[in-house]
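Enquirer: Shown below is the structure under consideration.
The values are calculated or read from the model by the stated rules, or taken from the named source; none is laboratory data. Computed from a prediction, not measured in an experiment: that's the story for all the values here. Positions of Cβ are generated from backbone atoms using ideal geometry, with glycine treated the same way; all protein chains shown enter the neighbour counts. For the accessible areas, the whole protein counts, side chains as well, though only heavy atoms, and no ligand, DNA or RNA atoms are used. Shrake-Rupley method; radii C 1.70, N 1.55, O 1.52, S 1.80 Å.
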Amino acid sequence: MGVTASCRNGGGSDSEAEVQSVRRMSGVSSSGELVEAVVCKEEDLPQNGMKSFEVPGGKVLVVHHKGQLSAIGAKCTHYGAPLEKGTLCEGRVRCPWHGACFNVTTGDIEDFPGLDSVPKYDIEVSGGEVKVKASKVLLATEKRTKQMARRDPENSTSFVVIGGGGAGAACVERLRQEGFTGRVILVTQEPHLPYDRPKLSKAMHLTPDKITLRSNQFYEDGDIEIFLGVSADEVKTDEKLVRLSTGENISYDKLFIATGGKPRRLDVPGVDLPGVYVVRTPEDANAVAAAAAGKRVVVVGTSFIGMEAAAYLATDNLAAEVSVIGNTAVPFERSLGSVVGKRVQELFEENKVNFYNNVGVTEITEEDGKVSGVSLDSGETVGADIVVLGVGVVPNTDFLASSNISRDDRGFVQVNEFLETSVPGVFCGGDVASFPLFLEDGNQVTIGHWQVAMGHGRTAAQNMLGQSSFLNSVPFFWTVLFGKSLRYTGYGMYDDVIIGGDLATLSFIAYYCRGDKVVAVASLGKDPAAANYAEKLQQHQFLTKEEVTADTDVDQIEGVTLQGYTVLLRCEAASAVLG
């Protein structure tokens with residue numbers, strides 16, 4: 001039942017004849033000194049599974065899949081998760097932490113987050129022993145950057161990318177990896193090279209140089225031009241021109257728009273006082289971290305950014321006091337449901353964070369020109385020295401107002417399954433795109449996930465080159481709160497949540513159901529449950545309520561239906577479907 005039977009170690013069966021026929025598989029040749037090592041007996045390898053082995057200088061992951069053996073890097077190139085703990089299915093392994101996918105034959109990255117591929121090593125079977133030959137350099141780096149083309153002076157074609165976030169960064173390097181030799185220009189309004197934006201609210205002290213995705217040298221080697229600190233003021237689609245904030249016009253043959261969101265601000269008195277912050281750039285995050293030391297901090301908004309900022313500021317007593325103000329009954333109520341949201345609030349309260357729920361802000365008060373508190377529509381005033389706004393973002397697309405590019409009534413750019421806008425040759429992705437999601441029968445959605453944005457960048461690059469690449473990535477996001485990592489995969493409105501495991505110990509899987517279909521899964525302390533379900537969704541398959549609860553012994557259920565949520569506390573059957 002569930003994903004384990006089709007996508008993980010032990011699932012499926014290969015005949016003994018198929019196993020014995022495997023003798024040698026050639027890997028990707030690499031320069032430098034090589035290490036040769038016998039890693040195991042052939043009989044030690046799992047059927048249709050994977051196992052990591054130590055070799056001099058590092059680790060390799062040996063994969064036995066569909067009667068073939070291969071050897072690749074053992075760690076995800078995103079944050080170093082052990083791929084052995086991930087999900088193996090349909091020729092690729094999915095990272096257990098954040099969902100990145102790697103081809104088991106080539107090592108190439110096939111889904112995000114992360115940008116680099118894993119190394120591919122030679123492997124052979126001789127006398128029943130499995131031998132791996134690996135580059136010492138690749139074993140040490142544990143990642144492989146795909147080769148990029150360079151600009152050909154004879155190629156006058158120009159591709160322009162507006163936006164230096166995950167989508168823009170993935171797009172420009174994918175263009176070069178796919179062999180494009182024309183001009184590639186990345187325009188970003190920030191003064192930094194593309195960086196790992198999800199870290200801003202999780203580790204607010206990190207400076208830009210610590211979270212940069214690629215170096216200057218990387219972009220120079222790929223002949224990728226970066227316009228730093230420059231924004232697009234207008235797109236003239238009839239003339240195929242982008243007017244920049246510098247006054248310069250640059251021409252394009254193909255255009256990719258990935259300008260992301262801009263922080264929403266409250267329309268209340270005092271919002272412009274010194275000491276009121278948003279978190280969108282490294283400078284924002286660094287300023288909050290510095291200003292909060294020893295002070296009373298109020299975070300307005302129970303979004304992921306707001307909650308991550310609150311957790312960071314409450315850790316190790318950085319701030320003297322942290323309070324969170326939200327307009328729902330519990331944090332994350334809309335995204336994760338009231339039961340999970342309540343348990344998350346309890347985690348924060350265990351770390352001395354105060355909550356004011358179901359309230360709105362009427363004013364940010366001042367004393368001597370500085371923030372003194374936050375007034376609520378309940379009549380209360382929460383004392384504060386600084387205020388952090390985490391009340392969402394709006395699409396940064398005002399500069400398209402005079403163009404022929406269609407936007408919806410919220411300002412999102414509407415695209416088709418190839419990420420092409422209403423104007424041929426103009427593409428859009430990331431947080432500003434309204435795109436058809438295959439999990440929702442092609443209905444238009446907007447998703448502000450880092451992984452989705454990077455996937456859009458890759459897809460856009462391929463379609464700018466005429467490859468007709470469809471959107472087929474499963475949404476996957478994560479948050480880290482007081483050292484606890486929650487994963488979420490899938491998408492869709494839900495009317496019921498089934499929770500298996502133990503909320504009290506923060507070891508559970510939440511199944512979000514619409515009717516009988518499980519549209520999404522969240523897990524904490526149950527890796528690789530989310531990765532397992534992401535891979536199932538990738539195959540266009542859904543669990544049902546019946547599958548989740550089929551083997552449940554009613555006597556084991558220690559919960560009740562609560563506000564439409566079926567709570568199965570400490571129910572091993574519900575947890576075992578994906579765990």
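Enquirer: Could you work out how far apart the two model spin labels at E349 and L34 are, taking each label as a point 7 Å from the Cα in the direction of the beta carbon, and quote it in nm?
Expert: It works out to 6.2 nm between the two label points.
Enquirer: Give me the dipole magnitude in Debye, nearest 20, for the chain about the Cα centre, with unit charges on the beta carbon: positive for Lys and Arg, negative for Asp and Glu.
Expert: So the dipole magnitude of the chain works out to roughly 940 debye.
Enquirer: For the stretch 119-227, which trypsin sites (Lys or Arg not before Pro) pass both filters: DSSP loop (anything but H, G, I, E, B) and at most 12 other C-beta atoms within 10 Å?
Expert: Passing sites in the stretch 119-227 are R150.
Enquirer: Express in Å², to the nearest 10, the accessible area of I185 obtained by rolling a 1.4 Å probe over the protein heavy atoms while all chains stay in place.
Expert: 0
Enquirer: Separate question: Heavy atoms only, 1.4 Å probe, whole protein assembly: order W478, W97 by accessible area, highest first.
Expert: Ranked from most to least accessible, the order is W97, W478.
Enquirer: Could you state the accessible area per residue of the chain in Å², with a 1.4 Å probe and every protein chain left in place?
Expert: 40
Enquirer: Under 25 Å Cα-Cα from K41, which lysines qualify once same-chain neighbours fewer than 8 residues away are excluded?
Expert: In chain and number order, the partners are K51, K59, K66, K75, K85, K120, K131, K133, K136.
Enquirer: Ignoring ligands, DNA and RNA, please state the percent of accessible area on the chain from carbon and sulfur, probe 1.4 Å.
Expert: Result for the chain: 46 percent of the exposed heavy-atom area is carbon or sulfur.
Enquirer: Another question, if that's okay. Which of A329, S378, L439 sits farthest toward the positive end of the charge dipole of the stretch 313-441, with +1 on the Cβ of Lys and Arg and -1 on the Cβ of Asp and Glu?
Expert: L439
Enquirer: Another question about this same structure. Let me have the 222 nm mean residue ellipticity of the chain computed from DSSP H runs of 4+ only, each contributing -39500 (n - 2.57), with the sum over all residues rounded to the nearest 500.
Expert: That calculation yields -5000 deg cm²/dmol at 222 nm.
Enquirer: Treat each spin label as a single point 7 Å out from the Cα along the C-beta direction, and report the Y79 to F482 distance in nm.
Expert: 1.8
Enquirer: Follow-up question, since we're still on this one. Just tell me the longest site-free run in the chain, where the sites are GluC sites (Glu not before Pro) in a DSSP loop having at most 11 other beta-carbon atoms within 10 Å.
Expert: Between the exposed loop sites, the longest stretch runs 249-557.
Enquirer: Which FRET efficiency, nearest 0.05, do S251 and T207 yield, Cβ-Cβ r, R0 35 Å?
Expert: After rounding to 0.05, the efficiency reads 0.50.
Enquirer: Computed over the Cα atoms, what is the radius of gyration of the stretch 330-395 divided by 2.2 N^0.38 Å, N being its residue count?
Expert: So the Cα radius of gyration is 1.29 times the expected 2.2 N^0.38 Å.
Enquirer: In bins 20 Å wide, starting from 0, what share of all Cα pairs of the chain does each bin hold, as a percent?
Expert: With 20 Å bins starting at 0, P(r) equals 20, 50, 28, 2, 0.
Enquirer: Here is a follow-up. Given Cα pairs under 8 Å that are at least 6 residues apart, what percent is the relative contact order of the chain?
Expert: Rounded, it is 12 percent for the chain.
Enquirer: I would also like to ask the following. Could you give the length gained on full extension between E380 and A320, defined as 0.36 nm per residue of separation minus the Cα-Cα distance, in nm?
Expert: 19.6 nm
Enquirer: Figure the gain on full extension for D398 and L228 (residue separation times 0.36 nm, minus the Cα-Cα span) and round it to one decimal in nm.
Expert: Residue separation times 0.36 nm, minus the Cα-Cα distance, leaves 59.2 nm.
Enquirer: OK, next. Just to confirm the filter: which trypsin sites (Lys or Arg not before Pro) across the stretch 403-511 are DSSP coil and have at most 10 other Cβ within 10 angstrom of their Cβ?
Expert: R410
Enquirer: On the full set of protein chains, 1.4 Å probe, figure out the accessible area of D398 and give it in Å² to the nearest 10.
Expert: D398 exposes around 100 Å² with every protein chain in place.
Enquirer: Once the Cα gyration tensor of the stretch 284-377 is found, what semi-axes does its equivalent ellipsoid get, as square roots of 5 times the eigenvalues, in whole Å, sorted largest first?
Expert: 22, 17, 11
Enquirer: How much of the DSSP bridge set in the chain is antiparallel, in percent, rounded to the nearest 5?
Expert: Percent antiparallel among DSSP bridges in the chain is about 70.
Enquirer: Per q in 0.13, 0.16 Å⁻¹, report the Debye log10 I(q)/I(0) for the stretch 207-345, using one uniform scatterer on each alpha carbon and no solvent.
Expert: Here log10 of I(q) over I(0) equals -0.83, -1.01.
Enquirer: Can you tell me the length gained on complete extension of the stretch N327 to T544, counting 0.36 nm per residue apart and subtracting the Cα distance?
Expert: So the extension gain works out to 74.9 nm.
Enquirer: F53 accessible area, nearest 10 Å², 1.4 Å probe?
Expert: Accessible surface of F53 is approximately 20 Å².
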